[in-house]
Every structure is written in structure tokens, then in C-alpha cells.
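Here's the structure we're looking at; comments come further down.
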């Protein structure tokens, strides 16, 4: 019996090692959704401790040092390597003011990424994504470690399958009505289901721009709103590891012919 117990322990250890090795580097911890066509703001009633940056008070042009995001005496965070643009056919909520962009050609400084550093960890981020394309990427970090990297390609594909997809295309604001008709405009919500983040990086992997406005953060939220594009996915492989280890243990019990039932529970 002692020999069988040792063999069972070894087998369980091997399976546990395999489960650890094959575990994915990063499971999807974010749920991404979009609001109805024409919506350019987050649903603030659904958010807790929300703050909005609309860029209207910022200086036009590119800045390597960026700017501080302050509301009164409270420091919300800071932006680095920023490109601020006056409203045009590609961006600017409501068709006025200024908007945020990541664009190598426009910045004339080789800008490929811009960073938002947050003073307090958050669990929600939203933006009005204008003149959108599949080259736009958001990377969420916590204490310097990547939590999730999300490309807007999924949003482009999702909109393309909607029966009302035409409603998302073209600038919806009267000043630039239906201009840039070949690209989608939508408000996107990013819900961190598994924890929080304290940094957001905006990058563009192609020769296009990453235009956005009304950046919104919140420490928490009441529910997932909008139409879900992608849902958070748990680290299912770790559950599989538990299942396999449980089966090994059950086999050991049967081998020893102990007159007991083996019960496997997954929570």
C-alpha cells in the first residue's frame, strides 16, 4: 500500500507540473462592450468614482512630457507622449474642442505609444473611439506588469456583423456629419473583471492613427453595460489541472481497493 501511495503522489506531482507548464500566460480578464451608435460618453450612473478627460483644456500639438490630469486639488494621473488635435472629421466628441491621438505622421516625433499613469488603481476605462481601425491597441498594466493587451480588431469585426453596422460608420456630429464614412465611431467600455489596473498604454501598430476622446475611468462599476464584444475568460487550464489531479487521486483510491466513494468537486 505504501508503494502505491508513493506512486500516486509522484503521478499527481507530474500532472501538476504539466498543468503549470501548459497554463496560458494571460487569460482574458477584461470584458469589452460598445454603446449604441452616436453615443460618445460612458454611462456615468453605472460607474463609481468616475472621472472624465476630454482634452479641451490641453495645448494642441505633440508633447513628450504630456500633462497632469488634475481635478481641483486631486491628481487623477498623468499622460506622457501626447498628441492633442483640434476637432475634425476624425475626432472630437460632439464635433468641438480637442481630442487625443497616437499618430506617427501627425506628431512628427515618431510617436507610436502614449501612456496614462493613474494615481489610484481602477477597474473601468472607457473612450469614444473615433475613425477607428484594427491597428489600435490598448495595454493595461498593474504595478508595471501587463494585465491585458487588447486590439480594436475585435470591435471592428463585431460591428461589421451587426445589422445596423452602417450606423456606426462616419462621423456622427453635425459639424462633420458622415465624413470619414469608411471608419467606425463608437464608445467602448473596458471592464476589468478580475482586478484593477493603474496604467493604460495607447499604441498604433500601423500607419494610421488612434483617435479618441472622453477618456473615462472608475474605481468600480455596477454592471456590464452596452453590447458585449468580448467577455472575460477565466484561466480554465488551471481548473483542468485540478480535474486531472483529482482523477489521478481517484485512480489511486480505486487501486488500493478502499471501500469508499471518490467525490470530485469543481467550484
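The values are calculated or read from the model by the stated rules, or taken from the named source; none is laboratory data. Small disclaimer: the values here were computed from a predicted structure and weren't measured. Positions of Cβ are generated from backbone atoms using ideal geometry, with glycine treated the same way; all protein chains shown enter the neighbour counts.
Key figures for this structure:
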| item | result |
| --- | --- |
| Tally, over the range 159-176, of residues that are under 14 Å from residue 228 (Cβ atoms) and either more than 21 Å from the chain's Cα centre (by Cα) or surrounded by fewer than 20 Cβ atoms within 10 Å (Cβ to Cβ) (or both) | 2 |
| So residue 137, is it within 12 Å of the chain's Cα centre (by Cα), in contact (Cβ under 8 Å) with a residue 12 or more places away in the chain and surrounded by fewer than 20 Cβ atoms within 10 Å (Cβ to Cβ) | yes |
| Filtered residues of the range 38-49 (kept if surrounded by 19 or more Cβ atoms within 10 Å (Cβ to Cβ) and closer than 21 Å to residue 168 by Cβ) | 40, 42 |
| Residue within the range 157-168 that is modelled with pLDDT of 95 or more and either outside the structural domain of residue 49 (by TED's automatic domain parsing) or closer than 23 Å to residue 82 by Cα (or both) present | no |
| Test: residue 180 is under 16 Å from residue 130 (Cα atoms), in contact with a strand residue (DSSP E or B) (Cβ under 9 Å, 6 or more places away or on another chain) and in the same structural domain as residue 48 (by TED's automatic domain parsing) | yes |
| Members of the range 100-126 that are at pLDDT below 95, over 23 Å from residue 40 (Cβ atoms) and touching a strand residue (DSSP E or B) at 6+ places or on another chain (Cβ under 9 Å) | 104, 107, 108, 109, 111, 112, 113 |
| Hits in the range 98-124 (condition: assigned to a loop (DSSP other than H, G, I, E, B), touching a residue at least 40 places away in the same chain (Cβ under 8 Å) and surrounded by fewer than 17 Cβ atoms within 10 Å (Cβ to Cβ)) | 108, 109, 112 |
| Residue satisfying all of: in the range 56-70; in a strand (DSSP E or B) and at pLDDT 95 or above; surrounded by the most Cβ atoms within 10 Å (Cβ to Cβ) among these | 69 |
| Every residue from the range 180-198 that is within 11 Å of the chain's Cα centre (by Cα) and either part of a strand (DSSP E or B) or crowded, with 20+ Cβ neighbours inside 10 Å (or both) | 188, 189, 190, 191, 192, 197 |
